Structure formats: structure tokens, C-alpha cells
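Comments concern the structure below.
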Amino acid sequence: MNYKSRIACATVLSASVFAAPTVLAQGSADRESSGPYISGSYGGYKSHGGDFKDDNDLLGAAVGYQFNQFFALEAGYIDFGNFGEDDVDGKLKGVNLVAVGRLPLTQSFGVYAKAGAFASSLDVDAFGESETYDEVSPLVGVGVDFRVTEHLTAFAEYNRYDIDIDSDDFNGQLNNSGPKFDTGQVGVKFQF
């Protein structure tokens, strides 16, 4: 399945997740707006920049604390798997810490933005050489969420990751300083 097909499937899935439980959500107006939560997500990404053009699936998990309906802190793990083309292969995974600012539009529906740091480990095999890059880089994202029940929320989000590598490695044969990743994810969050 190519990148556009995965995005289309994710869009249809998220639309059905958000639309189907409208009747259930009507009774959750008095929900608790603070507390710890866990989440899991699945999505796709597009890596771009020089030798790192590719698209693939990704998996994510997070734990967080919702302080009120407007603000949360979240720590997560994400695995991008393998990516690359021709003589360049990369494998990326990492953890992030983000602040989440949320604007509730209705009792059940809201939009949010997130910003923070992504501590990553990038393994690159290129032109017969191997290097590992461990670094911390910025992470930004936006999303929408929909409260399905008192404790369960569905969400869809876009995130942007920017990873750097040393352009002097690999005898200067890589034509960029590192890949950038645009991700689209759908998932569920359970608040305790």
C-alpha cells in the first residue's frame, strides 16, 4: 500500500471513529478533565530530504497527564522502522516529551497543538559504511480529538520531525544533512 492509500485509509478510519460514537458521547458531558492517560497510535510517514525519500508505517505509544481541558504533558515512544532507497538505508526510533495545548470546541470535540523534544537513535547504512546518530531535535504537531466515552478519546494528528546527520560521514556521498519526517496518525487515548 503506497503513502497516499495509507493516508486515505487513515482518513476514512478516523472519520468513522469520530462520527460513529456521537450518540455515546452525548452522555459524557460531566467527564473528568484532569488525570493520567495512556495512548496508542498507528499511522504513516513520508521521509524526505536527499537520499532518504521513502514512506512507511509507524507505531506510537504515550503516557501523559491532563492538567485541565486546555493543557497536558506527554511522554511517548515512536518507531519509524526502516526507510531509504538505493544505497541508503535508515532505521529510526525514539522518545519524546511534549507540551500539549488544547482548545475545546464542544463538550466532546477539540483541536490541539504540541511542541517539544524528540530524543532519537538513527542507524544509517550507506555506501558500505554504518553510523548511529543519537540526538535531541524539535518536534511540533497538530491534531483533533473526540471524546467517545467518559474515559476513551479518539484522535488524529500530524507531526513533523527533523533529524540531522553529519554530512562529512560516508565520505560526503550523502547529499543532505538528514531526513525530515511528516507523519499522520490515528489512535485512542484512555484517561484514568
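The values are calculated or read from the model by the stated rules, or taken from the named source; none is laboratory data. All values reported here derive from a predicted model rather than from experimental measurement. We place every Cβ from the backbone using ideal geometry, glycine too, and count neighbours over all the protein chains shown. Protein only, heavy atoms only, side chains kept; ligands, DNA and RNA dropped before computing areas. Shrake-Rupley method; radii C 1.70, N 1.55, O 1.52, S 1.80 Å.
Normalised per residue, the accessible area of the stretch 92-133 is 45 Å², obtained with a 1.4 Å probe and no contribution from ligands, DNA or RNA.
Figure the gain on full extension for residue 105 and residue 33 (residue separation times 0.36 nm, minus the Cα-Cα span) and round it to one decimal in nm. Walk me through the numbers before you get to the answer.
Details: separation 72, 0.36 × 72 = 25.92 nm, distance 1.43 nm.
Gain in length upon complete extension: 24.5 nm.
Length available on full extension from residue 127 to residue 142: 0.36 nm per residue minus the Cα-Cα distance, which gives 1.7 nm. Based on protein heavy atoms only, the stretch 33-85 ends up with 43 Å² per residue of surface accessible to a 1.4 Å probe. The residues 157, 150, sorted by heavy-atom accessible surface at 1.4 Å with ligands and nucleic acids left out, run 150, 157 from largest to smallest.
Please work out the FRET efficiency for the pair residue 149 and residue 97, using the Cβ-Cβ distance as r and a Förster radius of 41 Å; give the result to the nearest 0.05.
Once rounded, the FRET efficiency stands at 0.90.
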